[in-house]
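Participant: I am attaching a structure below and will ask some questions about it afterwards.
The values are calculated or read from the model by the stated rules, or taken from the named source; none is laboratory data. Everything quoted here is computed from the prediction, not taken from an experiment. Here Cβ is always computed from backbone atoms with ideal geometry, including for glycine, and neighbour counts include all displayed protein chains. Just so you know, the surface numbers come from the protein's heavy atoms only, side chains and all, with ligands and any DNA or RNA stripped out. Shrake-Rupley method; radii C 1.70, N 1.55, O 1.52, S 1.80 Å.
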There are 2 protein chains.
Amino acid sequence: MRSTQSLSATTVLFTLGSTLIGTVSAQTFQRLGTCPTLGCVFPPDQTHFLAGQLFDVRLEVHAPVNGSEASNKGVPDEKFTFCIAHERGPCVDAAKFWEVKEAPIEKWSFSYFEDLYAKDAKQSTVVNVAAKAYRALSLKKPGDYTAKLKYNNGATTVARWVVRKPNTRRKAKNVLFFIGDGMTQPMITAARLIAHKSINGVYQSLMQLDQMDNLGHQMTHSIDSFITDSANSATALYTGKKSSVNALNVWADSSKNSHDDPKVETIAELFRRRIGGALGIVSTAVIADATPAALCAHTRDRGQAQTVVTEYLHSAEFVNSTYKWPTGCKQPDVIFGGGAENFIAGKGSPNGTDYYKEFQKAGYKVVHTKKDLLAAGKKDKTLGIFSVSNMAKWIDRNILPENLKGQKNSPTGDGTDAIDQPGLKDMTLKALEILTARSKKNEGWFLMSEAASIDKMMHVLDYDRALGELLELDDTVRASIAWLKKTGQYDDTLIVVTADHGHGFDVFGGADTKYLAEQTSDRAKRGAVGVYQNSGLSGYTVAEGSSPTNQTIVYGAQGPNFPVQWNPRYAYAAGMGASPDRREQFDLELGGPRLPAINDPTSGNIVNPKDNPNGFSVSGTLPIDEGQGVHSLQDVSVFANGPGSEAFRGVYNSIDIFFKIADALALGRT
Amino acid sequence: MRSTQSLSATTVLFTLGSTLIGTVSAQTFQRLGTCPTLGCVFPPDQTHFLAGQLFDVRLEVHAPVNGSEASNKGVPDEKFTFCIAHERGPCVDAAKFWEVKEAPIEKWSFSYFEDLYAKDAKQSTVVNVAAKAYRALSLKKPGDYTAKLKYNNGATTVARWVVRKPNTRRKAKNVLFFIGDGMTQPMITAARLIAHKSINGVYQSLMQLDQMDNLGHQMTHSIDSFITDSANSATALYTGKKSSVNALNVWADSSKNSHDDPKVETIAELFRRRIGGALGIVSTAVIADATPAALCAHTRDRGQAQTVVTEYLHSAEFVNSTYKWPTGCKQPDVIFGGGAENFIAGKGSPNGTDYYKEFQKAGYKVVHTKKDLLAAGKKDKTLGIFSVSNMAKWIDRNILPENLKGQKNSPTGDGTDAIDQPGLKDMTLKALEILTARSKKNEGWFLMSEAASIDKMMHVLDYDRALGELLELDDTVRASIAWLKKTGQYDDTLIVVTADHGHGFDVFGGADTKYLAEQTSDRAKRGAVGVYQNSGLSGYTVAEGSSPTNQTIVYGAQGPNFPVQWNPRYAYAAGMGASPDRREQFDLELGGPRLPAINDPTSGNIVNPKDNPNGFSVSGTLPIDEGQGVHSLQDVSVFANGPGSEAFRGVYNSIDIFFKIADALALGRT
């Protein structure tokens, strides 16, 4: 009873290719994502380009030695051909099409497991590869392209590419792009609940995000799996290209070298190359972490932190001496975040050098504390690195500052504590000041500001700290809008706030934390959870010791838009479907971020006996090698104000964000 | 370090009231929701009205006999006064303000527990009450009103009411209002994943919901708790008034009688009273269930099914002989759904009468099968009741029809099986046909169509069946738009699709269900879950036995927009943070809807030994008296097309939906 859709010729070719796979159901593991057939084309089928955007081409022909796809005795076809046709034009050989030298054949092997059974049996499948690469190309004419890889005596892999017709009239002078890493609408709803007073079902104040002019949803999935990581999703947001987990601005090829994968140009690189405006990168994470890195870096492996900081300073051509990548971030005007370990001379820094010095040599002012940040002028390129590893969380900085002690995380590397760390708002407002001052007339500026630890705290199931980070982001957006209005730049600035993926968090009720802690069995403790009418009202918006039904409006020490108290007797009860074994007691973790599970050498991750000692145990749903929560599927919200922001309404793919921003800046060139 | 906001006089008065409560932290249980002081005003503070909308007023003065609020030796003040001021006008005594007779004093008592400790100790608090009610009033002048209840020698409870300035130019002739009960954006994302083919990260087709013209978010919380149920949330959507869990179009007072609580007029009643157009109600649930019931019924207790069906036929005045409620649904033109038990003569029907006959007497055509539904003409008022209890699920009707056998749920009550049940699309399209035919020129029609079992299947953690219902809703929206275009009504019809609340569901990876089933320990089974890159691609959009990486586009027997297969080896792995003890194996439940937990007389709800026998166990997070999943906090999406639909953009409260629809229909009258 199944009917096959009326297929285009291309799809039929894919079908033919697929039949080669036969009964292989490789899924948990794939031979190579984005390459279901034995001939691989990167950029893959369905890629959309901004006119003139730079990218590499990678072609591979696979010959599995063993396994269900074993082919040609493991000898890959080296005589494959590759041609490109524009619209209905002839299919022209790649070297001729782009007027470049014919690429040499490269060869390598890799291995993978076909499924979990093969992994358990340690039966790997070996694949021999013949490949070519063409570097730093572009397509300028809008329209449809058909690229064909012919191999194995008649097999064809077709990639249909589209160059979108670009907007050529610039709408926005500046772009302020906020990412709440891992931020979902259920989290925004929970943040509203704890930070804004509701009387009789009516909120007396709202999140800044609630008040933005335009609302959209974006789909976050990867190119080859339906759950993404932050490298992959940032690549989509910044380049308009879906990629694979852990990849930064490259399509993942099968070679071991994580720096030879085919690259694509980012919105930051385009902004620098086309317009030359001021560029800023702000994050509360390690500054070499995926979301900030993805503005400038190109690597298959997001873990290559040295590559990332090298690319901030020198762009990709420095990392890949084998060929020239003729674009780059060209020394961003502002770089603020954590991750001093990649700058302090030692094993974490590029070539072991003092990378603060390298930045200083290039003309950067370097700052390490909130005090120095606020005191810094606005004329210099500025590198602000405020801690080893990720920066302190809003709750610890503002509510539990004792937790900043004993961390030995000074960004100077002297082993003292990084006590005087700025928050996202401090960093963002200073970045705006510097970018505004350094932007030449009409060039404008582009700033990416990331609330990174919404994600990091959701990973460790520290819901309170995650919501603290989210509220800091909201406060930062609010303060940025006010500053832009004050400085007369608001009407020229496109502001976009979105996330890169979700975590399956939601609030499902209230909890009497006192009662919960005092019960002696897991099942009795669960009786402290109140659902529906027994969820009650938010205990976070009333003064300590006061009833949640108290309708007085008061503010805590951190002012409006934050909870009045963080550890009320009647707390929200929340959780997610995916976690390691854990315990829940629904109160604020006082000693710093939670660590729900620990890895036992024999049995994998088990409940951390020190976490939530008064809570009830919940068995996990994740593989026992996962000690944290994981990302989830759900679409994330997009909020936008300013010129070009109407384009962010509705439901679309994450890659469309790149095109919408590029169109607001008129970055495409035919 | 806490600062008190500059408070309005009213808020200060509330503060004074609140101080009476002292250290009471009543939260899991409240004395009376929406009444934190000892004087209660309904409509409560912060109520917004459509100009001319009918409502009752209820006043109560509480005197707790014992407990932390014990007052006046348990004797409530019967000499309370109540006045209303418009804008800066004088505060006029209620009877005079509305020119009605002074209401008599009513008296009763009730009891409650102050918290879980009191409940465990069985120490209830008794409250004596003096009360009054004024019935069927309205406010016609837009602006601010201040209502003051004075009691206990100087205490005052103030309610600020707002009559919104209504739109008076009608934009939409017809309204088609869809509710996906419990439907969240994470569910929509999951439904897209299983029903639409993605190639290299690009969806080749989309949900109808993805393609709607306008996107918004609404907040779903209750008036007195942050989690809602469907009665309460439907009340907000249909009346613009937040209420309490289980309440249908009334504010919950403290009296035992569930029919004397203060009522408010619904959008359906207003549409009938103001315009007289055709009215339709469609649901896949029991037709007396909360979401359909809330169009017409008024009761504190959504469980009063006989009241609901009585109000469909006779409106509220029939139920409350003590006073006249001078508005009502006045016999909707279309009523389609399940719940035959409230019509078949017997204990479930009003007064034990044959309620099918009562409807027939009132001129209704009555149908009981899909065949008869499709064959029914379009001229008669039509009652279609297609099963006892809730209707069969899309998956069982379409994929596993054997599950319809042995249910003995024939709507005729003859003990046979209801095999020939229509789906939401069948019912909605027939409803549109009848409403169009019965609508007089310019009057137009209003149809509410509910996909009820998204919620019901999420409650039992049957994610597949819930997504089947969601996809059926999407298909129904698509088909309805096509039908409206075909009949030339599309440009006159406001279409809104939303939900009433969420469940904390999300997809967090893939699962090799074969591998999972074959492992022998819970911890080994969890190794079948693939996260991030190992989540892979959707196994639901390829032919059975084919790899998820197969890029061929094929359709299943149910056509596009539904999965090609429902039970692939590589399934999605999903769940939620709130559940009873359960087991998960991530494949399709073949024997009909899941029942994850069963109630053990001594230990409460435990894993149902028959559910997911090959799965791994997950301990629950809910009180052990909960055998199902529960509703969650997250904002839900709103999608809208047609005249007036631009108003549905952005973020707002659920009550605003009522005002947006009322404005599109110009139902307000000053």
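Participant: Can you run phi through the Karplus equation (6.51, -1.76, 1.60; θ = phi - 60°) for segment B:273-284 and list ³J(HN,Hα) in whole Hz, with x for Gly and Pro?
Facilitator: Computed from phi, the couplings for segment B:273-284 are 6, 7, 10, x, x, 6, 10, x, 10, 10, 8, 8 Hz.
Participant: Still on this structure: Along Cα→Cβ at 7 Å, what distances in nm separate the A:Ala517 label point from those on the other copies, shortest first?
Facilitator: List, nearest first: 4.7 nm.
Participant: To continue, here is another question. With labels modelled as points extended 7 Å from the Cα through the Cβ direction, what inter-label distance (nm, one decimal) is found for B:Asp144 paired with B:Tyr117?
Facilitator: Taking the simple label geometry, B:Asp144 and B:Tyr117 are separated by 4.1 nm.
Participant: How far is A:Pro609 from the same spot in each other copy, in nm, shortest first, if each label point sits 7 Å from Cα toward Cβ?
Facilitator: Ordered by increasing distance: 3.4 nm.
Participant: Only Cα pairs under 8 Å and at least 6 apart count here; give the relative contact order of chain B as a rounded whole percent.
Facilitator: The value is 17 percent.
Participant: When a/c is below 1.5 the answer is rounded, else prolate if a/b is larger than b/c, else oblate, so apply that to segment B:193-263 with a ≥ b ≥ c taken from the square roots of the Cα gyration tensor eigenvalues. Don't jump to the answer; show the numbers that get you there.
Facilitator: Values: a/c = 4.01, a/b = 3.44, b/c = 1.16.
Cα axes put segment B:193-263 in the prolate bin.
Participant: May I pose another question? Given charges of +1 on the Cβ of Lys and Arg and -1 on the Cβ of Asp and Glu, with all other atoms neutral, how large is the dipole of segment A:9-164 about its Cα centre, in debye to the nearest 20?
Facilitator: 340
Participant: Rounded if a/c is under 1.5, else prolate if a/b beats b/c, else oblate: with a ≥ b ≥ c from the C-alpha gyration tensor eigenvalues square-rooted, which is segment A:475-622?
Facilitator: Taking the square roots of the gyration eigenvalues as a ≥ b ≥ c, segment A:475-622 is oblate.
Participant: Taking amide hydrogens as modeled 1.01 Å from N in the peptide plane, which residues meet the under 5 Å criterion relative to A:Val92, leaving out close sequence neighbours?
Facilitator: Residues meeting the criterion, in which the H sits 1.01 Å from N, are A:Ile84, A:Ala85.
Participant: Within the set of other residues whose C-beta is less than 11 Å from the C-beta of A:Cys91, count the net charge using Lys and Arg as +1 and Asp and Glu as -1.
Facilitator: Once positives and negatives cancel, what remains is +3.
Participant: Right, next: Please compute, for peptide A:114-122, the average count of beta-carbon atoms on other protein chains lying within 10 Å of each residue's beta-carbon.
Facilitator: 3
Participant: Distance in nm between label sites at A:Ile598 and B:Ser124, each 7 Å beyond Cα in the beta-carbon direction?
Facilitator: So the two model labels end up 4.8 nm from each other.
Participant: What nm value, rounded to one decimal, do you get for the distance between B:Lys365 and A:Glu317 when each label is placed 7 Å out toward the C-beta?
Facilitator: Placing both labels 7 Å beyond Cα along the Cβ direction yields 7.8 nm.
Participant: Beyond a 28 Å Cα-Cα separation, which of these cross-linked pairs lie in this structure: A:Lys241/A:Lys456; A:Lys197/B:Lys148; A:Lys140/A:Lys430? Show your work: numbers first, answer last.
Facilitator: Values: A:Lys241/A:Lys456 25 Å; A:Lys197/B:Lys148 23 Å; A:Lys140/A:Lys430 37 Å.
In this structure, A:Lys140/A:Lys430 exceed 28 Å between Cα atoms.
Participant: Using 1/(1 + (r/R0)^6) with R0 = 25 angstrom and r between the beta carbons of B:Arg274 and B:Glu99, what's the FRET efficiency to the nearest 0.05?
Facilitator: That gives a FRET efficiency of 0.65.
Participant: Amide H to amide H under 5 Å from A:His48: which residues, 5+ apart in sequence or cross-chain, H placed 1.01 Å off N in plane?
Facilitator: Amide H neighbours of A:His48, under 5 Å, 5+ apart: A:Val162.
Participant: Taking a ≥ b ≥ c as the square roots of the Cα gyration tensor eigenvalues, with a/c under 1.5 meaning rounded and otherwise prolate when a/b beats b/c, else oblate, which class fits segment B:9-164?
Facilitator: Judged from the Cα gyration tensor, segment B:9-164 comes out prolate (a/c at least 1.5, a/b above b/c).
Participant: Any chance you could check segment B:219-246 for residues losing 30 Å² or more of accessible area when the partner protein chains are in, compared with the chain on its own (1.4 Å probe)?
Facilitator: Relative to the lone chain, where solvent access is computed with a 1.4 Å probe, segment B:219-246 loses at least 30 Å² at B:Met219, B:His221, B:Ile223, B:Ser225, B:Phe226, B:Ile227, B:Val245.
Participant: When the distances between all Cα atoms of segment B:234-372 are binned every 10 Å from zero, what whole-number percent does each bin get?
Facilitator: Using 10 Å bins, I get a P(r) of 13, 45, 34, 7, 0 for segment B:234-372.
Participant: Among B:Tyr203, A:Gly592, A:Ser546, whose Cα projects farthest towards the positive end of the dipole of the protein assembly as shown, with charges put on the beta-carbon of Lys, Arg (+1) and Asp, Glu (-1)?
Facilitator: B:Tyr203
Participant: Under 19 Å from the Cα of B:Lys347, which aspartates and glutamates turn up, not counting those fewer than eight places away in the same chain?
Facilitator: B:Asp289, B:Asp301, B:Glu311, B:Glu358, B:Asp414
Participant: Quick one: which bits of segment B:605-629 get at least 50 Å² less accessible when the partner protein chains are in, versus the chain alone, with a 1.4 Å probe?
Facilitator: Relative to the lone chain, where solvent access is computed with a 1.4 Å probe, segment B:605-629 loses at least 50 Å² at B:Ser619, B:Thr621, B:Pro623, B:Ile624.
Participant: In whole Å, what is the distance between the alpha-carbon centres of segment A:222-256 and segment A:477-510?
Facilitator: 24
Participant: Counting only helical runs of four or more DSSP H residues, what would the 222 nm mean residue ellipticity of the protein assembly as shown come to if each run contributes -39,500 (n - 2.57) and the total is spread over all its residues?
Facilitator: -6500 deg cm²/dmol
Participant: For A:Lys171, list the aspartates and glutamates whose Cα falls under 15 Å from its own Cα; do not include residues on the same chain fewer than 8 positions away.
Facilitator: Partners found: A:Glu443, A:Asp491, A:Asp492, A:Glu646, A:Asp663.
Participant: Around B:Gly575, which amide H atoms from residues at least 5 apart in sequence, or from another chain, sit under 5 Å from its own amide H, with H modelled in the peptide plane?
Facilitator: B:Asp506, B:Phe508
Participant: Provide the packing ranking of B:343-349, A:86-92, A:403-409, i.e. peptides ordered by the mean count of other C-beta atoms within 10 Å per residue, highest first.
Facilitator: Working: B:343-349: 17.6, A:86-92: 12.4, A:403-409: 15.3.
With the highest mean Cβ count within 10 Å placed first, the list reads B:343-349, A:403-409, A:86-92.
Participant: A follow-up question, please. At 10 °C and a viscosity of 1.306 mPa s, what translational diffusion coefficient does Stokes-Einstein give for the protein assembly as shown, taking Rh as the Kirkwood radius over Cα pairs? Give it in µm²/s as a whole number.
Facilitator: On the way: Rh = 32.5 Å.
In µm²/s, the coefficient rounds to 49.
Participant: In debye, nearest 20: dipole of the protein assembly as shown around its Cα centre with unit charges on the Cβ of K, R (+) and D, E (-)? Write down the numbers at each step before the final one.
Facilitator: Working: 144 positive and 142 negative charges, 755 e Å.
The calculated dipole for the protein assembly as shown is roughly 3620 debye.
Participant: Calculate log10 I(q)/I(0) of segment A:378-523 for q = 0.17 Å⁻¹, where I(q) comes from the Debye formula with a single equal point scatterer on each Cα and nothing for solvent.
Facilitator: Treating every Cα as an identical point scatterer, log10 I(q)/I(0) equals -1.10.
Participant: Keeping all protein chains in place, calculate the accessible area per residue for chain A (probe 1.4 angstrom), answer in Å².
Facilitator: 32
Participant: Where Rh is the Kirkwood radius over the Cα pairs of chain B, the temperature 4 °C and the viscosity 1.567 mPa s, what D in µm²/s does Stokes-Einstein return?
Facilitator: 49
Participant: On to the next question. Counting only protein heavy atoms and rolling a 1.4 Å probe, how much accessible area do B and A lose on contact, total for both sides, in Å² to 100?
Facilitator: Accessible area lost upon association: around 11300 Å².
Participant: Something else about it: Around B:Asp581, under 13 Å between beta carbons, what's the net of Lys plus Arg minus Asp minus Glu among the other residues?
Facilitator: -3
Participant: Step through the residues of segment B:531-541 one at a time and calculate ³J(HN,Hα) from phi using the Karplus curve (6.51 cos²θ - 1.76 cosθ + 1.60, θ = phi - 60°), rounding each to whole Hz and writing x for Gly and Pro.
Facilitator: 10, 6, 4, 7, 5, x, 10, 5, x, 8, 10
Participant: Moving to a separate point now. Cut-off under 16 Å on the C-alpha distance; same-chain residues fewer than 8 positions from B:Lys101 excluded. Which lysines are left, in chain and number order?
Facilitator: Filter leaves B:Lys132, B:Lys324.
Participant: Moving on. Taking K and R as +1 and D and E as -1, what net charge do the other residues with C-beta under 12 Å from the C-beta of A:Tyr151 add up to?
Facilitator: For residues surrounding A:Tyr151, the net value is +1.
Participant: Using +1 at the C-beta of Lys and Arg and -1 at the C-beta of Asp and Glu, which of A:Phe113, A:His298, B:Leu494 has the Cα lying farthest in the positive direction of the dipole of the protein assembly as shown?
Facilitator: Selected residue: B:Leu494.
Participant: Calculate the FRET efficiency for B:Thr520 and B:Ser389 from the Cβ-Cβ distance with a Förster distance of 30 Å, rounded to the nearest 0.05.
Facilitator: Efficiency, rounded to the nearest 0.05: 0.20.
Participant: Got a number for carbon plus sulfur as a percent of the protein assembly as shown's accessible area, 1.4 Å probe?
Facilitator: For the protein assembly as shown, the apolar C and S fraction of the accessible surface comes to 49 percent.
Participant: Determine the percent antiparallel among the DSSP beta bridges restricted to the protein assembly as shown, to the nearest 5.
Facilitator: Numbers: 142 of 214 bridges.
Rounded to the nearest five, the antiparallel share is 65 percent.
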